[in-house]
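Asks: One structure coming up, written as structure tokens, with questions to follow.
The values are calculated or read from the model by the stated rules, or taken from the named source; none is laboratory data. Note that the structure is a prediction, hence the values are computed from the model and not measured. All Cβ positions, even for glycine, are placed from backbone atoms using ideal geometry, and neighbour counts span all protein chains on display.
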Amino acid sequence: MPIEEVGESSLPEVRRMRRPERSTIRSSPNLLPVATMLGIAAVDAATGSMYVLLPVYAAGPAIASARGTVRSVTLMGAAAAVLCLLSAWKTGRYDDLRLPVALTAIAYVTLASAYAARSRRKIEQRLVDVREVACTLEDVLFTPVPPTIGPVRIGASYVSANHATRIGGDLYDVEPFPGGLRLVIADVQGKGLGTVRCASVALAAFRESAPSAHALTDVGLRIEQALERRTDGERFVTGILAQIGTDGSLLVFNHGHPPPLLLPRAGRPMPVESDEPVPPFGLAVLTGTTDLRDSVTRLTLNPGDRLFFYTDGLSEARNSTGHFYPVHERVPRLLKSGTPEEALDLLRADVATFTSGPPDDDSALLLLEFQSPS
């Protein structure tokens, strides 16, 4: 699909750090077992005494145990017994020995199904409790990014490859400080709960130091120290620390991360490359790199300029033929117009069209637009 044709209908499920709403429209758990028993009754009436389908009514409470409560299973068992008696009376098998056998089978299946439903409900309640705790932790870990800080408009987007959670190993945050704003965007090496813990440590260190640290290098040092103290030391974090002043001055430290893309209001897009290589967070101790002052990238933003940060979940998204998403070719056209949030939505839609499938890696995006200082 051409870039110009991407519309809102193509948008993937984008998680913006808010708890997903639960669906309020659910089919009745009794609908399927009732329909099943009515279907058995219809077949039994059509075949007459040719087949003995009386025990088959036990399918009603058995099916009800998959979704229903103990009460609904019991009701389905009672309905199955009534239908069994009516079918026996209508086909002249009321005095048949097979009738009490069928009723006994229905009773046993109902009891077993009620026990299964009770056990299932307990497990479901535990899962609900765990999910509520996880949602609370996610809300603490990822707070919404404000739409503006000083003269900077901000758009943020996060998509997790794991549909059961809203977060993964990618992280970002934006914090104001007296001279403007500071941001971090990073990707923890590896997968699993260990990456989430590592991400939480890095985020906590950034949030604690970014608003008050004298220099951006101090923020990076605090993240390094936190990772060294509070993690197992077996993971590293590629990331970017950036600072935008109220006068448009830009400082960028790139710790082994894909470089951000500068989208000037007038001029050609360009990646913001590092002056000197800096190791990922968590590896400074091994490399002996502690002084980052010589590795900072300095630029000046003009009003209307945009700066795009992303993780490798975007640059390494593949299509059906195995080709990577062409970030530098398609992103500039998609992010030039609209609000930062609208531009990121358009980009997400284009990536979904390119890959023709769900994401296979976490992806975090930040788009900042510098406006005229007030």
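Asks: Anything in region 63-85 that is in contact (Cβ under 8 Å) with a residue 12 or more places away in the chain and closer than 14 Å to ALA41 by Cβ? List them, or say none.
Replies: MET76, ALA79, ALA80, ALA81, LEU83, CYS84, LEU85
Asks: Could you list all residues from region 174-203 that are touching a Leu at 6+ places or on another chain (Cβ under 6 Å) and part of a strand (DSSP E or B)?
Replies: Across region 174-203, the qualifying residues are VAL174, VAL184, ILE185, ALA186.
Asks: Another question, if that's okay. Which ones in region 202-241 are in contact with a helix residue (DSSP H, G or I) (Cβ under 8 Å, 6 or more places away or on another chain), buried (at least 23 other Cβ atoms within 10 Å of the Cβ) and either among the aliphatic types (A, V, I, L, M) or without any contact (Cβ under 8 Å) to a residue 40 or more places away in the chain (or both)?
Replies: ALA202, ALA205, PHE206, ALA210, VAL219, ILE223, LEU227, VAL237, LEU241
Asks: Take the residues in region 292-343 that are within 24 Å of the chain's Cα centre (by Cα) and hydroxyl-bearing (Ser, Thr, Tyr); name whichever of them is modelled with the lowest pLDDT.
Replies: SER320
Asks: Answer yes or no as to whether ASP345 is in contact with a strand residue (DSSP E or B) (Cβ under 9 Å, 6 or more places away or on another chain) and more than 20 Å from PRO260 (Cβ to Cβ).
Replies: no
Asks: Quick one: is GLU273 over 25 Å from the mean Cα position of the chain (by Cα) and modelled with pLDDT of 90 or more?
Replies: no
Asks: Which of the helices (runs of 4 or more DSSP H) found entirely inside region 312-374 contain at least 3 residues meeting this: in contact with a helix residue (DSSP H, G or I) (Cβ under 7 Å, 6 or more places away or on another chain)?
Replies: So the answer is 327-334, 340-355.
Asks: Can you name the residue in region 228-252 that is over 19 Å from ILE154 (Cβ atoms) and out of contact with any Cys (no Cβ under 7 Å at 6 or more places or on another chain) and, of all such residues, is modelled with the highest pLDDT?
Replies: THR238
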